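Quick note: the coordinates plus some simple rules give every number you see, no bench work behind them. Nothing here was measured: the structure is a model prediction, and the numbers come from that model. Please note: Cβ atoms are built from the backbone with ideal geometry, for glycine as well, and neighbour counts cover all protein chains shown.
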């Protein structure tokens, strides 16, 4: 006996032959937004001090059969690229390049320059340089992710920073478009939170308010690039 799917009016056998039973409706914009939001924000109940904050890494072993490691790695440098990538191939190139962080200055030797996106190829053509590529976005989250994900929840709450899921370093991919969910002054909030956190290690005997806003030590504490 042929079974008819009441939702579609087609036989189950035909639907399976076509590749399986499929929902007839595409996800709405609101549903997609909610999925993206869930991928960005960590529920309060999951912010366990034993596991949060944390920063994860992806092994090159998932893609490469082996890597070379220099006896004397060159100091790492960081180059930001526009976040508006034009193709999945560019995403993949950045992920593969950054995944080879252990290879340091020799990573360019794993790639054909003609296969790299032009901004990356220009850097690779400079020679053996230990470069990690980072997306350049409005909030600069990816540039400062290693700093953000050192902050405990109580500090995030104090400076009204969002509770985000675990970070990833070096950058691999941005599936959720995290820049869309961060406050416009994210960088400024993070600078204040970071200054508050490191201040006791810089000046153990005095509070920050004892120094003027333009004092070099106070400026240094707020400068995320240092």
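Helical content alone sets the calculated 222 nm signal of the chain at -9500 deg cm²/dmol, taking -39,500 (n - 2.57) per DSSP H segment of four or more residues and averaging over every residue. When the P(r) is computed for segment 99-226, the part past 23 Å accounts for 47% of the Cα-Cα pairs.
In a fully extended conformation the segment linking residue 150 and residue 185 would gain 10.7 nm over its present Cα-Cα distance, using 0.36 nm per residue. Listed from fewest to most Cβ neighbours within 10 Å, the set 100, 81, 71, 92 follows the order 71, 92, 81, 100.
Using only Cα coordinates, the Kirkwood hydrodynamic radius of segment 111-184 works out to 14.6 Å.
In the frame of its principal axes, the chain has Cα extents of 84, 44, 31 Å, reported largest first.
Each of 94, 58 was scored by other Cβ atoms within 10 Å of its Cβ. Arranged with the fewest first, they read 58, 94. Along its principal axes, segment 46-177 has C-alpha extents of 47, 34, 25 angstrom, given from the largest down. The coefficient of translational diffusion for segment 179-226, derived via Stokes-Einstein from the alpha carbon Kirkwood radius under 37 °C and 0.692 mPa s, stands at 285 µm²/s.
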